[in-house]
Amino acid sequence: MVSRDATTHWTGGLNSGKGTVTLDSSNAGQFDVSFPRRIGDAEGQTSPEELIAAAQSSCLAMNLSAVLERNGHAPKTIDVSAEVTVSPVDGGLSITAIDITLRADVDSTVGIDQEAFQVLAATAKDTCPVSKALSGTTITLDAALT
């Protein structure tokens, strides 16, 4: 079993505070986060929703590659964009939509048409581990005051 982890250190209250997200597993970097930037202009800072968009787009690209290969089609390139929309719901925030744009170039000698591609792309979306997690998963919490 593989697991990946990230850590966030937060200082202060919601509107006046700020934090740093560290991608621990990959050691790929640290990213600043703050609530005002989360719901406004996020230039120079990331947000949980942007990280979800990154996870969704990269997972779907990899999964589509596998689905295409499993069905005898050779992908050349796959480009996936995921736009995560956050809206106020019931006094808080909620992810209300994830809009995915996917474009793929598949080796033309394998004879895939637009209709068959749509079926395989939908299969890839539905079986992507991140898509599954976002549709419902068990979330555990280990909380303690220090």
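All of (1) assigned by TED's automatic domain parsing to the domain that holds P129; (2) among the polar types (S, T, N, Q); (3) surrounded by fewer than 13 Cβ atoms within 10 Å (Cβ to Cβ); (4) farther than 19 Å from S131 by Cα hold for S94 with one exception: (4). Candidates are the residues of the stretch 97-110 that are modelled with pLDDT under 85 and surrounded by 11 or more Cβ atoms within 10 Å (Cβ to Cβ); the one that is farthest from the chain's Cα centre (by Cα) is V110.
Table: residues versus (1) under 17 Å from the mean Cα position of the chain (by Cα); (2) assigned to a helix (DSSP H, G or I); (3) surrounded by 10 or more Cβ atoms within 10 Å (Cβ to Cβ).
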site: V2; (1), (2), (3): no, no, no
site: S16; (1), (2), (3): no, no, yes
site: Q45; (1), (2), (3): yes, no, yes
site: A55; (1), (2), (3): yes, yes, yes
site: L68; (1), (2), (3): no, yes, yes
site: A82; (1), (2), (3): yes, no, yes
site: I112; (1), (2), (3): no, no, yes
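Here's the yes/no breakdown for (1) touching a Cys at 6+ places or on another chain (Cβ under 9 Å); (2) among the acidic types (D, E); (3) at pLDDT 90 or above:
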| position | (1), (2), (3) |
| --- | --- |
| F31 | no, no, yes |
| R38 | no, no, no |
| A42 | no, no, no |
| A54 | no, no, yes |
| D90 | no, yes, yes |
| Q114 | no, no, no |
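Just to be sure, is G29 surrounded by fewer than 16 Cβ atoms within 10 Å (Cβ to Cβ) and assigned by TED's automatic domain parsing to the domain that holds Q118? Judged against the criteria, G29 is not a match. Among the residues of the stretch 6-25, at least one is touching a residue at least 24 places away in the same chain (Cβ under 8 Å) and of a type outside the set (A, V, I, L, M).
Figure legend. Inter-residue proximity from the stretch 65-83: first residues in the same structural domain as V106 (by TED's automatic domain parsing), second residues among the β-branched types (V, I, T) and not in a strand (DSSP E or B), beta-carbon distance below 6 Å, spacing 6+ or different chains. Indicated pairs: V67/T123; H73/V110; H73/I112; A74/V110.
Please go through the stretch 114-136 and pick out each residue that is more than 20 Å from the chain's Cα centre (by Cα) and surrounded by 15 or more Cβ atoms within 10 Å (Cβ to Cβ). F117 - this is the single residue of the stretch 114-136 that is more than 20 Å from the chain's Cα centre (by Cα) and surrounded by 15 or more Cβ atoms within 10 Å (Cβ to Cβ).
The values are calculated or read from the model by the stated rules, or taken from the named source; none is laboratory data. Note that the structure is a prediction, hence the values are computed from the model and not measured. Note: ideal-geometry Cβ built from the backbone for every residue, glycine included; neighbour counts use all protein chains shown.
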